[in-house]
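Below you'll find the structure, written out as C-alpha coordinates, and then a few comments.
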Amino acid sequence: MLTTLRLTAFGVVDEAELELGPGLTALTGETGAGKTMLVSGLGHLLGSRGDAGIVRRGATKAVVEGRWEVADDVAARVRDLGGDVEDGELVTLRQVSSQGRSRAVVGGAGVPISALADVIGEIATIHGQSGQIRLASPERQRELLDAHAKPTGLERYRANYAARRAAAAELHTLEQESMARAREADMLRFGLDEISGVGPQPGEDDSLAAEQAKLMDLDELRTLAASAHGALSGSEADFDAPSAVGLAGEARKALRSLADRDPEAEALAGRAVELTMLAGELAADVAGYVDDLVADPLRLEAVGQRRAALAGLTRKYGTTVDEVLAWAQASSVRLGELVGSDERIETLRREIAELSAQLDADAATISHARRAAADDLAAQVKAELAALAMPHAELRFEVTDAPQGPHGADRIELLFTANPGSEPAPLAKVASGGELSRVRLALEVVLADAGPEHTYVFDEVDAGVGGAVGLEIGRRLQRLAARSQVIVVTHLAQVAAFADAHFVVAKESDGQVTTSGVRLLTEEQRAAELARMMGGASSSTKGIEHARELLAQAAR
(Lines give C-alpha, C1' and ligand atoms only; values in the text may rest on other atoms or scores of the structure.)
Protein backbone atom coordinates (compact mmCIF):
# COMPACT_ATOMS: atom_id res chain seq x y z
CA MET A 1 0.00 0.00 0.00
CA LEU A 2 1.21 3.52 -0.84
CA THR A 3 1.22 5.57 2.38
CA THR A 4 2.91 8.78 1.22
CA LEU A 5 3.43 10.41 -2.15
CA ARG A 6 5.64 13.50 -2.27
CA LEU A 7 6.36 15.56 -5.40
CA THR A 8 8.94 18.35 -5.60
CA ALA A 9 9.41 20.66 -8.62
CA PHE A 10 7.44 18.18 -10.72
CA GLY A 11 5.74 19.95 -13.63
CA VAL A 12 3.27 22.51 -12.31
CA VAL A 13 3.60 21.06 -8.80
CA ASP A 14 6.11 22.99 -6.70
CA GLU A 15 5.68 20.94 -3.52
CA ALA A 16 2.92 18.47 -2.74
CA GLU A 17 2.50 15.65 -0.26
CA LEU A 18 -0.37 13.18 0.02
CA GLU A 19 -0.83 11.00 3.09
CA LEU A 20 -2.73 8.01 1.77
CA GLY A 21 -4.53 5.20 3.51
CA PRO A 22 -6.36 2.02 2.58
CA GLY A 23 -9.66 2.01 0.73
CA LEU A 24 -10.68 4.38 -2.05
CA THR A 25 -9.00 7.75 -2.53
CA ALA A 26 -10.36 10.28 -5.03
CA LEU A 27 -8.37 13.05 -6.72
CA THR A 28 -10.48 15.77 -8.28
CA GLY A 29 -10.03 19.30 -9.57
CA GLU A 30 -10.75 21.47 -12.54
CA THR A 31 -9.39 20.54 -15.95
CA GLY A 32 -5.74 21.52 -16.18
CA ALA A 33 -5.34 21.82 -12.41
CA GLY A 34 -2.55 19.23 -12.38
CA LYS A 35 -4.25 15.98 -11.41
CA THR A 36 -2.40 14.18 -14.17
CA MET A 37 0.89 15.32 -12.63
CA LEU A 38 0.15 13.19 -9.57
CA VAL A 39 -0.51 10.16 -11.73
CA SER A 40 2.58 10.96 -13.78
CA GLY A 41 4.59 11.14 -10.56
CA LEU A 42 3.38 7.68 -9.61
CA GLY A 43 4.19 6.56 -13.12
CA HIS A 44 7.79 7.65 -12.61
CA LEU A 45 7.94 5.40 -9.55
CA LEU A 46 6.75 2.59 -11.81
CA GLY A 47 9.54 3.21 -14.31
CA SER A 48 8.06 5.73 -16.74
CA ARG A 49 10.56 7.46 -19.01
CA GLY A 50 11.79 10.69 -17.47
CA ASP A 51 12.87 13.75 -19.42
CA ALA A 52 13.97 17.27 -18.62
CA GLY A 53 10.56 18.68 -19.60
CA ILE A 54 9.04 17.36 -16.37
CA VAL A 55 11.31 19.56 -14.23
CA ARG A 56 9.58 22.71 -12.98
CA ARG A 57 10.90 25.92 -14.51
CA GLY A 58 13.69 27.39 -12.43
CA ALA A 59 14.43 24.10 -10.61
CA THR A 60 17.47 21.87 -11.09
CA LYS A 61 15.62 18.58 -10.62
CA ALA A 62 12.22 17.00 -10.13
CA VAL A 63 11.81 14.47 -7.33
CA VAL A 64 9.08 11.93 -6.62
CA GLU A 65 9.18 10.00 -3.36
CA GLY A 66 6.88 7.16 -2.39
CA ARG A 67 6.56 5.32 0.90
CA TRP A 68 5.01 1.88 0.80
CA GLU A 69 3.91 -0.81 3.19
CA VAL A 70 5.24 -4.02 1.64
CA ALA A 71 5.02 -7.73 2.31
CA ASP A 72 7.98 -9.95 3.17
CA ASP A 73 8.50 -11.22 -0.38
CA VAL A 74 8.86 -7.68 -1.73
CA ALA A 75 11.15 -6.77 1.18
CA ALA A 76 13.36 -9.75 0.28
CA ARG A 77 13.64 -8.53 -3.33
CA VAL A 78 14.61 -5.06 -2.10
CA ARG A 79 17.34 -6.53 0.11
CA ASP A 80 18.63 -8.50 -2.89
CA LEU A 81 19.09 -5.12 -4.61
CA GLY A 82 21.06 -3.82 -1.63
CA GLY A 83 18.22 -1.76 -0.14
CA ASP A 84 16.64 -1.74 3.32
CA VAL A 85 13.05 -2.15 4.47
CA GLU A 86 12.40 -1.00 8.03
CA ASP A 87 9.31 -2.24 9.88
CA GLY A 88 7.69 -3.18 6.58
CA GLU A 89 8.10 0.33 5.13
CA LEU A 90 9.87 0.83 1.82
CA VAL A 91 11.01 4.24 0.57
CA THR A 92 11.39 4.69 -3.18
CA LEU A 93 12.63 7.77 -4.99
CA ARG A 94 12.88 8.92 -8.60
CA GLN A 95 14.84 12.00 -9.58
CA VAL A 96 15.06 13.68 -13.00
CA SER A 97 17.56 16.50 -13.53
CA SER A 98 17.05 19.55 -15.73
CA GLN A 99 19.61 17.98 -18.10
CA GLY A 100 17.43 14.88 -18.44
CA ARG A 101 19.50 12.52 -16.29
CA SER A 102 17.43 10.12 -14.26
CA ARG A 103 18.15 8.35 -10.97
CA ALA A 104 16.23 5.72 -9.01
CA VAL A 105 16.57 4.72 -5.35
CA VAL A 106 14.94 1.71 -3.69
CA GLY A 107 15.31 1.34 0.06
CA GLY A 108 18.27 3.74 0.08
CA ALA A 109 20.16 1.88 -2.68
CA GLY A 110 20.72 3.34 -6.12
CA VAL A 111 19.31 0.95 -8.73
CA PRO A 112 18.55 0.92 -12.49
CA ILE A 113 15.15 2.31 -13.48
CA SER A 114 14.15 -1.19 -14.60
CA ALA A 115 14.79 -2.55 -11.10
CA LEU A 116 12.55 0.14 -9.57
CA ALA A 117 9.85 -0.73 -12.10
CA ASP A 118 10.12 -4.45 -11.31
CA VAL A 119 9.74 -3.93 -7.57
CA ILE A 120 6.90 -1.39 -7.63
CA GLY A 121 5.19 -3.12 -10.55
CA GLU A 122 4.59 -6.05 -8.21
CA ILE A 123 2.52 -3.93 -5.82
CA ALA A 124 0.99 -1.14 -7.93
CA THR A 125 -0.69 -0.72 -11.31
CA ILE A 126 -1.74 2.44 -13.15
CA HIS A 127 -4.73 2.28 -15.48
CA GLY A 128 -4.89 5.19 -17.88
CA GLN A 129 -5.89 5.77 -21.48
CA SER A 130 -2.83 3.82 -22.59
CA GLY A 131 -4.09 0.93 -20.46
CA GLN A 132 -7.34 0.92 -22.42
CA ILE A 133 -5.39 0.72 -25.65
CA ARG A 134 -3.35 -2.15 -24.23
CA LEU A 135 -6.53 -3.94 -23.17
CA ALA A 136 -7.32 -4.29 -26.87
CA SER A 137 -4.07 -6.19 -27.51
CA PRO A 138 -3.96 -10.01 -27.60
CA GLU A 139 -1.03 -10.00 -25.17
CA ARG A 140 -2.97 -8.16 -22.47
CA GLN A 141 -6.05 -10.32 -23.06
CA ARG A 142 -3.93 -13.43 -22.58
CA GLU A 143 -2.47 -12.00 -19.37
CA LEU A 144 -5.98 -11.35 -18.02
CA LEU A 145 -7.20 -14.85 -18.84
CA ASP A 146 -4.08 -16.38 -17.28
CA ALA A 147 -4.59 -14.29 -14.14
CA HIS A 148 -7.95 -16.02 -13.75
CA ALA A 149 -6.99 -19.47 -15.04
CA LYS A 150 -3.65 -19.69 -13.21
CA PRO A 151 -2.54 -22.54 -15.51
CA THR A 152 -0.07 -24.92 -13.89
CA GLY A 153 3.14 -25.46 -15.75
CA LEU A 154 3.12 -22.02 -17.40
CA GLU A 155 6.35 -20.85 -15.77
CA ARG A 156 8.04 -24.14 -16.62
CA TYR A 157 6.75 -23.85 -20.18
CA ARG A 158 8.19 -20.35 -20.55
CA ALA A 159 11.57 -21.45 -19.21
CA ASN A 160 11.66 -24.53 -21.45
CA TYR A 161 10.55 -22.53 -24.48
CA ALA A 162 13.40 -20.08 -23.95
CA ALA A 163 15.83 -22.97 -23.43
CA ARG A 164 14.68 -24.71 -26.62
CA ARG A 165 14.94 -21.51 -28.63
CA ALA A 166 18.52 -20.97 -27.39
CA ALA A 167 19.42 -24.60 -28.13
CA ALA A 168 17.88 -24.42 -31.60
CA ALA A 169 19.82 -21.24 -32.38
CA GLU A 170 23.07 -22.86 -31.27
CA LEU A 171 22.29 -26.02 -33.24
CA HIS A 172 21.52 -23.98 -36.37
CA THR A 173 24.84 -22.16 -36.07
CA LEU A 174 26.78 -25.39 -35.56
CA GLU A 175 25.05 -27.11 -38.47
CA GLN A 176 25.58 -24.14 -40.79
CA GLU A 177 29.28 -24.16 -39.96
CA SER A 178 29.76 -27.95 -40.07
CA MET A 179 31.44 -28.01 -43.52
CA ALA A 180 33.85 -25.26 -42.56
CA ARG A 181 34.64 -27.08 -39.31
CA ALA A 182 35.28 -30.33 -41.20
CA ARG A 183 37.69 -28.59 -43.56
CA GLU A 184 39.47 -26.91 -40.69
CA ALA A 185 39.71 -30.19 -38.75
CA ASP A 186 41.22 -31.99 -41.75
CA MET A 187 43.78 -29.22 -42.18
CA LEU A 188 44.72 -29.36 -38.52
CA ARG A 189 45.01 -33.16 -38.53
CA PHE A 190 47.30 -33.03 -41.57
CA GLY A 191 49.55 -30.46 -39.92
CA LEU A 192 49.66 -32.29 -36.60
CA ASP A 193 50.44 -35.58 -38.34
CA GLU A 194 53.23 -33.92 -40.33
CA ILE A 195 54.77 -32.40 -37.21
CA SER A 196 54.38 -35.63 -35.28
CA GLY A 197 56.15 -37.52 -38.09
CA VAL A 198 59.20 -35.26 -37.86
CA GLY A 199 59.11 -35.09 -34.05
CA PRO A 200 60.94 -31.78 -33.53
CA GLN A 201 62.40 -30.93 -30.13
CA PRO A 202 62.53 -27.49 -28.52
CA GLY A 203 65.53 -25.47 -29.81
CA GLU A 204 66.60 -28.31 -32.10
CA ASP A 205 67.00 -26.09 -35.17
CA ASP A 206 69.56 -23.88 -33.43
CA SER A 207 71.61 -26.79 -32.04
CA LEU A 208 71.69 -28.57 -35.42
CA ALA A 209 72.79 -25.40 -37.19
CA ALA A 210 75.72 -25.07 -34.78
CA GLU A 211 76.66 -28.76 -35.18
CA GLN A 212 76.55 -28.58 -38.97
CA ALA A 213 78.78 -25.48 -38.99
CA LYS A 214 81.32 -27.31 -36.80
CA LEU A 215 81.39 -30.41 -39.00
CA MET A 216 81.84 -28.36 -42.13
CA ASP A 217 84.78 -26.33 -40.64
CA LEU A 218 86.56 -29.35 -39.12
CA ASP A 219 89.95 -28.93 -40.88
CA GLU A 220 90.18 -25.26 -39.99
CA LEU A 221 89.24 -26.00 -36.40
CA ARG A 222 91.88 -28.72 -36.14
CA THR A 223 94.61 -26.37 -37.49
CA LEU A 224 93.71 -23.63 -35.05
CA ALA A 225 93.52 -26.03 -32.10
CA ALA A 226 96.90 -27.63 -32.98
CA SER A 227 98.52 -24.19 -33.17
CA ALA A 228 97.12 -23.33 -29.75
CA HIS A 229 98.35 -26.66 -28.34
CA GLY A 230 101.87 -26.03 -29.67
CA ALA A 231 101.97 -22.62 -28.06
CA LEU A 232 100.93 -24.13 -24.76
CA SER A 233 102.95 -27.38 -24.71
CA GLY A 234 105.68 -26.86 -27.30
CA SER A 235 106.44 -28.55 -30.59
CA GLU A 236 107.39 -32.22 -30.88
CA ALA A 237 109.57 -31.34 -33.88
CA ASP A 238 111.48 -28.61 -32.02
CA PHE A 239 112.19 -29.38 -28.39
CA ASP A 240 113.89 -26.00 -27.91
CA ALA A 241 110.83 -24.01 -28.99
CA PRO A 242 109.36 -22.03 -26.09
CA SER A 243 106.00 -23.06 -24.63
CA ALA A 244 103.60 -21.50 -22.19
CA VAL A 245 103.83 -24.50 -19.87
CA GLY A 246 107.68 -24.47 -19.90
CA LEU A 247 107.90 -20.72 -19.38
CA ALA A 248 105.38 -20.89 -16.54
CA GLY A 249 107.51 -23.64 -14.92
CA GLU A 250 110.64 -21.52 -15.13
CA ALA A 251 108.77 -18.56 -13.62
CA ARG A 252 107.53 -20.79 -10.81
CA LYS A 253 111.10 -21.98 -9.99
CA ALA A 254 112.48 -18.44 -10.00
CA LEU A 255 109.73 -17.10 -7.78
CA ARG A 256 110.13 -20.03 -5.43
CA SER A 257 113.80 -19.19 -4.97
CA LEU A 258 112.86 -15.55 -4.52
CA ALA A 259 110.32 -16.42 -1.81
CA ASP A 260 112.92 -18.51 0.02
CA ARG A 261 115.09 -15.40 0.25
CA ASP A 262 112.32 -12.83 0.75
CA PRO A 263 109.11 -13.88 2.58
CA GLU A 264 107.24 -10.95 1.00
CA ALA A 265 107.45 -12.74 -2.40
CA GLU A 266 105.60 -15.82 -1.06
CA ALA A 267 102.36 -14.71 -2.58
CA LEU A 268 103.99 -14.30 -5.99
CA ALA A 269 105.38 -17.80 -5.79
CA GLY A 270 101.92 -19.16 -4.97
CA ARG A 271 100.36 -17.44 -7.94
CA ALA A 272 103.10 -18.85 -10.19
CA VAL A 273 102.13 -22.33 -9.01
CA GLU A 274 98.49 -21.62 -9.97
CA LEU A 275 99.59 -20.31 -13.37
CA THR A 276 101.63 -23.46 -14.03
CA MET A 277 98.68 -25.66 -13.11
CA LEU A 278 96.25 -23.65 -15.25
CA ALA A 279 98.58 -23.73 -18.25
CA GLY A 280 98.99 -27.49 -17.91
CA GLU A 281 95.21 -28.05 -17.62
CA LEU A 282 94.51 -25.82 -20.60
CA ALA A 283 97.12 -27.65 -22.67
CA ALA A 284 95.53 -31.00 -21.77
CA ASP A 285 92.01 -29.74 -22.63
CA VAL A 286 93.17 -28.40 -25.99
CA ALA A 287 94.82 -31.75 -26.72
CA GLY A 288 91.55 -33.51 -25.91
CA TYR A 289 89.63 -31.10 -28.15
CA VAL A 290 92.02 -31.88 -31.00
CA ASP A 291 91.54 -35.61 -30.48
CA ASP A 292 87.74 -35.18 -30.68
CA LEU A 293 87.90 -33.38 -34.00
CA VAL A 294 87.28 -36.49 -36.08
CA ALA A 295 85.74 -36.15 -39.52
CA ASP A 296 82.27 -37.80 -39.73
CA PRO A 297 80.74 -37.47 -43.22
CA LEU A 298 77.77 -39.66 -42.26
CA ARG A 299 76.87 -37.43 -39.32
CA LEU A 300 77.24 -34.33 -41.49
CA GLU A 301 74.81 -35.82 -44.00
CA ALA A 302 72.36 -36.83 -41.25
CA VAL A 303 72.40 -33.33 -39.77
CA GLY A 304 71.74 -31.82 -43.18
CA GLN A 305 68.77 -34.12 -43.75
CA ARG A 306 67.35 -33.38 -40.30
CA ARG A 307 67.65 -29.64 -40.86
CA ALA A 308 65.89 -30.03 -44.22
CA ALA A 309 62.99 -31.87 -42.49
CA LEU A 310 62.71 -29.15 -39.87
CA ALA A 311 62.82 -26.46 -42.57
CA GLY A 312 59.78 -28.11 -44.17
CA LEU A 313 57.90 -27.49 -40.92
CA THR A 314 59.15 -23.93 -40.36
CA ARG A 315 58.00 -22.94 -43.84
CA LYS A 316 54.37 -23.83 -42.91
CA TYR A 317 53.84 -23.60 -39.19
CA GLY A 318 56.32 -21.07 -37.79
CA THR A 319 59.65 -19.41 -38.36
CA THR A 320 61.35 -21.51 -35.65
CA VAL A 321 60.92 -25.00 -34.25
CA ASP A 322 59.61 -23.48 -31.01
CA GLU A 323 56.90 -21.62 -32.97
CA VAL A 324 56.04 -24.87 -34.78
CA LEU A 325 55.58 -26.63 -31.45
CA ALA A 326 53.41 -23.75 -30.16
CA TRP A 327 51.23 -24.02 -33.30
CA ALA A 328 50.88 -27.76 -32.73
CA GLN A 329 49.75 -27.24 -29.13
CA ALA A 330 47.15 -24.60 -30.07
CA SER A 331 45.94 -26.65 -33.02
CA SER A 332 45.49 -29.71 -30.83
CA VAL A 333 43.22 -27.71 -28.54
CA ARG A 334 41.28 -26.31 -31.50
CA LEU A 335 40.88 -29.77 -33.02
CA GLY A 336 39.39 -30.95 -29.74
CA GLU A 337 36.89 -28.09 -29.91
CA LEU A 338 35.95 -28.96 -33.48
CA VAL A 339 35.46 -32.61 -32.66
CA GLY A 340 33.50 -31.57 -29.56
CA SER A 341 31.21 -29.45 -31.76
CA ASP A 342 30.01 -32.57 -33.54
CA GLU A 343 29.31 -34.16 -30.19
CA ARG A 344 27.56 -30.95 -29.11
CA ILE A 345 25.28 -31.19 -32.16
CA GLU A 346 24.07 -34.60 -31.06
CA THR A 347 23.62 -33.40 -27.48
CA LEU A 348 21.59 -30.39 -28.66
CA ARG A 349 19.37 -32.56 -30.81
CA ARG A 350 18.59 -34.76 -27.82
CA GLU A 351 17.94 -31.72 -25.62
CA ILE A 352 15.61 -30.15 -28.19
CA ALA A 353 13.67 -33.39 -28.55
CA GLU A 354 13.26 -33.69 -24.77
CA LEU A 355 12.26 -30.03 -24.40
CA SER A 356 9.76 -30.34 -27.27
CA ALA A 357 8.08 -33.30 -25.62
CA GLN A 358 7.79 -31.40 -22.32
CA LEU A 359 6.53 -28.29 -24.14
CA ASP A 360 3.86 -30.28 -25.95
CA ALA A 361 2.62 -31.73 -22.67
CA ASP A 362 2.64 -28.40 -20.84
CA ALA A 363 1.03 -26.56 -23.76
CA ALA A 364 -1.86 -29.02 -23.69
CA THR A 365 -2.29 -28.54 -19.93
CA ILE A 366 -2.19 -24.75 -20.26
CA SER A 367 -4.69 -24.76 -23.12
CA HIS A 368 -7.08 -26.92 -21.12
CA ALA A 369 -6.88 -24.55 -18.15
CA ARG A 370 -7.46 -21.50 -20.34
CA ARG A 371 -10.44 -22.98 -22.11
CA ALA A 372 -11.95 -24.05 -18.80
CA ALA A 373 -11.48 -20.58 -17.29
CA ALA A 374 -12.56 -18.56 -20.32
CA ASP A 375 -16.33 -19.04 -19.93
CA ASP A 376 -16.22 -18.54 -16.15
CA LEU A 377 -14.29 -15.27 -16.42
CA ALA A 378 -16.51 -13.99 -19.22
CA ALA A 379 -19.64 -14.77 -17.18
CA GLN A 380 -18.35 -12.89 -14.14
CA VAL A 381 -17.30 -9.89 -16.23
CA LYS A 382 -20.65 -9.89 -18.01
CA ALA A 383 -22.42 -9.63 -14.64
CA GLU A 384 -20.23 -6.64 -13.73
CA LEU A 385 -20.94 -5.00 -17.08
CA ALA A 386 -24.65 -5.39 -16.54
CA ALA A 387 -24.26 -3.46 -13.28
CA LEU A 388 -22.30 -0.83 -15.21
CA ALA A 389 -25.33 -0.05 -17.38
CA MET A 390 -24.38 -2.50 -20.12
CA PRO A 391 -27.07 -5.17 -19.59
CA HIS A 392 -26.88 -6.52 -23.14
CA ALA A 393 -23.11 -6.70 -23.36
CA GLU A 394 -21.65 -9.99 -24.51
CA LEU A 395 -18.03 -10.79 -23.79
CA ARG A 396 -16.17 -13.93 -24.75
CA PHE A 397 -12.58 -15.12 -24.53
CA GLU A 398 -12.00 -17.11 -27.69
CA VAL A 399 -9.16 -19.62 -27.30
CA THR A 400 -7.96 -21.22 -30.53
CA ASP A 401 -4.98 -23.35 -31.49
CA ALA A 402 -1.83 -21.55 -32.59
CA PRO A 403 1.81 -22.41 -33.19
CA GLN A 404 3.80 -22.71 -30.00
CA GLY A 405 5.04 -19.38 -28.71
CA PRO A 406 6.68 -18.15 -25.51
CA HIS A 407 3.36 -18.33 -23.61
CA GLY A 408 1.80 -21.49 -24.97
CA ALA A 409 0.11 -22.76 -28.10
CA ASP A 410 -3.07 -20.66 -27.97
CA ARG A 411 -4.39 -17.60 -29.75
CA ILE A 412 -6.57 -15.63 -27.33
CA GLU A 413 -8.96 -12.95 -28.48
CA LEU A 414 -11.46 -11.00 -26.43
CA LEU A 415 -14.69 -10.67 -28.39
CA PHE A 416 -17.27 -8.08 -27.39
CA THR A 417 -20.56 -6.55 -28.31
CA ALA A 418 -22.62 -4.02 -26.38
CA ASN A 419 -25.80 -4.45 -28.41
CA PRO A 420 -28.31 -7.31 -28.42
CA GLY A 421 -28.43 -9.31 -31.61
CA SER A 422 -24.92 -8.31 -32.68
CA GLU A 423 -22.31 -10.98 -33.10
CA PRO A 424 -19.32 -10.41 -30.78
CA ALA A 425 -16.28 -9.04 -32.61
CA PRO A 426 -12.71 -8.20 -31.54
CA LEU A 427 -12.80 -5.73 -28.66
CA ALA A 428 -10.33 -3.34 -30.34
CA LYS A 429 -12.63 -2.93 -33.35
CA VAL A 430 -16.06 -2.48 -31.78
CA ALA A 431 -15.68 -0.96 -28.29
CA SER A 432 -15.86 2.79 -27.70
CA GLY A 433 -13.64 4.58 -25.18
CA GLY A 434 -16.33 4.49 -22.51
CA GLU A 435 -17.03 0.82 -23.13
CA LEU A 436 -13.33 0.02 -22.90
CA SER A 437 -13.20 1.83 -19.56
CA ARG A 438 -16.03 -0.24 -18.16
CA VAL A 439 -14.70 -3.54 -19.53
CA ARG A 440 -11.33 -2.80 -17.98
CA LEU A 441 -12.87 -1.93 -14.61
CA ALA A 442 -15.08 -5.03 -14.65
CA LEU A 443 -12.07 -7.23 -15.34
CA GLU A 444 -10.07 -5.64 -12.52
CA VAL A 445 -12.91 -6.07 -10.05
CA VAL A 446 -13.37 -9.75 -10.93
CA LEU A 447 -9.66 -10.55 -10.93
CA ALA A 448 -8.94 -8.60 -7.75
CA ASP A 449 -11.35 -10.78 -5.78
CA ALA A 450 -8.94 -13.70 -6.10
CA GLY A 451 -5.67 -11.77 -6.27
CA PRO A 452 -3.29 -10.42 -3.61
CA GLU A 453 -3.57 -6.95 -2.12
CA HIS A 454 -2.49 -4.32 -4.59
CA THR A 455 -2.48 -0.58 -5.26
CA TYR A 456 -4.61 0.37 -8.26
CA VAL A 457 -4.49 3.83 -9.80
CA PHE A 458 -7.29 4.68 -12.24
CA ASP A 459 -6.80 7.80 -14.35
CA GLU A 460 -10.21 8.98 -15.58
CA VAL A 461 -11.75 5.50 -15.64
CA ASP A 462 -15.09 7.30 -16.05
CA ALA A 463 -14.12 8.90 -19.37
CA GLY A 464 -17.01 8.81 -21.84
CA VAL A 465 -19.72 7.75 -19.38
CA GLY A 466 -22.61 9.56 -17.76
CA GLY A 467 -23.78 10.15 -14.23
CA ALA A 468 -25.84 6.98 -13.73
CA VAL A 469 -23.00 4.81 -14.94
CA GLY A 470 -20.68 6.84 -12.76
CA LEU A 471 -22.52 5.63 -9.67
CA GLU A 472 -21.95 2.04 -10.71
CA ILE A 473 -18.30 2.74 -11.43
CA GLY A 474 -18.01 4.26 -7.98
CA ARG A 475 -19.60 1.17 -6.44
CA ARG A 476 -17.20 -1.11 -8.30
CA LEU A 477 -14.20 0.94 -7.21
CA GLN A 478 -15.49 0.83 -3.65
CA ARG A 479 -15.81 -2.94 -3.91
CA LEU A 480 -12.29 -3.22 -5.31
CA ALA A 481 -11.06 -1.00 -2.47
CA ALA A 482 -12.44 -3.43 0.10
CA ARG A 483 -9.34 -5.59 -0.35
CA SER A 484 -6.91 -3.31 -2.20
CA GLN A 485 -5.86 0.32 -2.16
CA VAL A 486 -7.54 2.25 -4.98
CA ILE A 487 -6.66 5.77 -6.15
CA VAL A 488 -8.91 7.31 -8.80
CA VAL A 489 -8.61 10.54 -10.76
CA THR A 490 -12.14 11.47 -11.74
CA HIS A 491 -14.34 14.24 -13.14
CA LEU A 492 -17.56 12.61 -11.95
CA ALA A 493 -19.05 13.49 -8.57
CA GLN A 494 -20.87 10.15 -8.69
CA VAL A 495 -17.49 8.37 -8.53
CA ALA A 496 -15.79 10.70 -6.05
CA ALA A 497 -18.71 10.33 -3.61
CA PHE A 498 -17.67 6.75 -2.86
CA ALA A 499 -14.16 7.73 -1.74
CA ASP A 500 -12.90 7.15 1.79
CA ALA A 501 -10.54 10.10 1.32
CA HIS A 502 -10.93 12.99 -1.12
CA PHE A 503 -8.11 15.26 -2.30
CA VAL A 504 -8.63 18.27 -4.53
CA VAL A 505 -5.97 19.62 -6.84
CA ALA A 506 -6.14 23.39 -7.31
CA LYS A 507 -4.16 25.71 -9.53
CA GLU A 508 -2.91 29.10 -8.41
CA SER A 509 -1.03 31.83 -10.28
CA ASP A 510 0.76 35.00 -9.24
CA GLY A 511 0.69 36.29 -12.80
CA GLN A 512 4.09 34.88 -13.64
CA VAL A 513 4.23 31.33 -12.30
CA THR A 514 1.40 28.81 -12.10
CA THR A 515 1.45 26.31 -9.24
CA SER A 516 -0.75 23.34 -8.41
CA GLY A 517 -1.43 22.35 -4.83
CA VAL A 518 -3.17 19.39 -3.20
CA ARG A 519 -5.29 19.38 -0.06
CA LEU A 520 -7.39 16.82 1.79
CA LEU A 521 -11.06 17.78 2.03
CA THR A 522 -13.27 17.66 5.10
CA GLU A 523 -16.77 16.26 4.76
CA GLU A 524 -18.20 19.77 4.41
CA GLN A 525 -15.61 20.68 1.82
CA ARG A 526 -16.33 17.45 -0.05
CA ALA A 527 -19.95 18.47 -0.47
CA ALA A 528 -18.87 21.79 -1.95
CA GLU A 529 -16.41 20.07 -4.32
CA LEU A 530 -19.02 17.53 -5.46
CA ALA A 531 -21.46 20.38 -6.07
CA ARG A 532 -18.89 22.08 -8.28
CA MET A 533 -18.25 18.84 -10.15
CA MET A 534 -21.96 18.41 -10.85
CA GLY A 535 -21.98 21.74 -12.64
CA GLY A 536 -23.28 24.01 -9.94
CA ALA A 537 -21.58 26.63 -7.85
CA SER A 538 -19.70 25.22 -4.89
CA SER A 539 -21.64 27.59 -2.62
CA SER A 540 -25.06 26.85 -4.10
CA THR A 541 -27.47 25.64 -1.42
CA LYS A 542 -29.27 23.36 -3.81
CA GLY A 543 -26.00 22.01 -5.19
CA ILE A 544 -24.69 21.36 -1.67
CA GLU A 545 -27.88 19.53 -0.74
CA HIS A 546 -27.63 17.39 -3.86
CA ALA A 547 -23.99 16.62 -3.06
CA ARG A 548 -24.88 15.59 0.49
CA GLU A 549 -27.57 13.29 -0.85
CA LEU A 550 -24.99 11.75 -3.18
CA LEU A 551 -22.57 11.22 -0.28
CA ALA A 552 -25.31 9.63 1.78
CA GLN A 553 -26.27 7.37 -1.10
CA ALA A 554 -22.65 6.30 -1.53
CA ALA A 555 -22.35 5.64 2.20
CA ARG A 556 -25.39 3.38 2.07
Across segment 269-293, what is the number of residues that are free of Cβ contacts under 8 Å to residues at least 24 places away in the same chain, open to solvent by less than 80 Å² (accessible area, probe 1.4 Å) and farther than 16 Å from Ala231 by Cα?
-> 3
Within segment 285-298, identify whether any single residue is within 29 Å of Met216 (Cβ to Cβ) and in contact with a Ser or Thr (Cβ under 9 Å, 6 or more places away or on another chain), and answer yes or no.
-> yes
For segment 311-348, enumerate the residues that are more than 17 Å from Ala185 (Cα to Cα) and open to solvent by less than 30 Å² (accessible area, probe 1.4 Å).
-> Gly312, Leu313, Gly318, Val321, Val324, Leu348
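So, Ala228, is that one more than 30 Å from Gly336 (Cβ to Cβ), part of a helix (DSSP H, G or I) and open to solvent by 30 Å² or more (accessible area, probe 1.4 Å) or not?
Against the criterion (more than 30 Å from Gly336 (Cβ to Cβ), part of a helix (DSSP H, G or I) and open to solvent by 30 Å² or more (accessible area, probe 1.4 Å)), Ala228 qualifies.
Please state which one of Ala62, Ala52 is hydrophobic (A, V, I, L, M, F, W, C), farther than 19 Å from Tyr456 by Cα and touching a Lys or Arg at 6+ places or on another chain (Cβ under 7 Å). Steps first, answer last, please.
Working: Ala52 fails: touching a Lys or Arg at 6+ places or on another chain (Cβ under 7 Å).
Criteria check complete, one pass: Ala62.
Give the number of residues within segment 66-98 that are among the aromatic types (Phe, Trp, Tyr) and open to solvent by 50 Å² or more (accessible area, probe 1.4 Å). Give the derivation first.
So in segment 66-98, the residues among the aromatic types (Phe, Trp, Tyr) come out as 68.
Those still in the list that are open to solvent by 50 Å² or more (accessible area, probe 1.4 Å) too: none.
Qualifying residue count for the region: 0.
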Filtering segment 34-46 down to residues that are in a loop (DSSP other than H, G, I, E, B) and open to solvent by 30 Å² or more (accessible area, probe 1.4 Å) yields Leu46
Which members of segment 349-372 meet the condition of being buried (at least 19 other Cβ atoms within 10 Å of the Cβ) and either of a type in the set (Asp, Glu) or at pLDDT below 95 (or both)?
-> Asp362
Helices (runs of 4 or more DSSP H) fully within segment 99-215 counting 3 or more residues that are open to solvent by 30 Å² or more (accessible area, probe 1.4 Å) and more than 29 Å from Leu436 (Cβ to Cβ) = 154-176, 178-198
Taking the stated definitions as given, is Ala409 open to solvent by 30 Å² or more (accessible area, probe 1.4 Å), touching a residue at least 24 places away in the same chain (Cβ under 8 Å) and either assigned to a strand (DSSP E or B) or over 21 Å from Ala147 (Cβ atoms) (or both)?
-> no
Quick one: in segment 239-268, which of the residues that are among the small types (Gly, Ala, Ser) and outside any helix (DSSP H, G or I) is surrounded by the most Cβ atoms within 10 Å (Cβ to Cβ)?
-> Ser243
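Inspect all residues belonging to segment 384-391 and state whether any of them is part of a loop (DSSP other than H, G, I, E, B) and surrounded by fewer than 13 Cβ atoms within 10 Å (Cβ to Cβ).
Yes, there is a match, as at least one residue in segment 384-391 is part of a loop (DSSP other than H, G, I, E, B) and surrounded by fewer than 13 Cβ atoms within 10 Å (Cβ to Cβ).
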Any idea which residue in segment 216-225 is least open to solvent (accessible area, probe 1.4 Å), counting only those that are out of contact with any helix residue (DSSP H, G or I) (no Cβ under 6 Å at 6 or more places or on another chain) and assigned to a helix (DSSP H, G or I)?
-> Leu218
Assuming Ser432 fulfils every condition listed in (1) crowded, with 18+ Cβ neighbours inside 10 Å; (2) over 30 Å from Leu154 (Cα atoms) apart from one, which condition is it?
-> (1)
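The values are calculated or read from the model by the stated rules, or taken from the named source; none is laboratory data. Computed from a predicted structure; not experimentally measured. With ideal geometry, Cβ positions are generated from the backbone for all residues, glycine too; neighbour counts draw on all protein chains shown. Quick note on the areas: whole protein, heavy atoms, side chains included, nothing else; ligands and nucleic acids left out. Shrake-Rupley method; radii C 1.70, N 1.55, O 1.52, S 1.80 Å.
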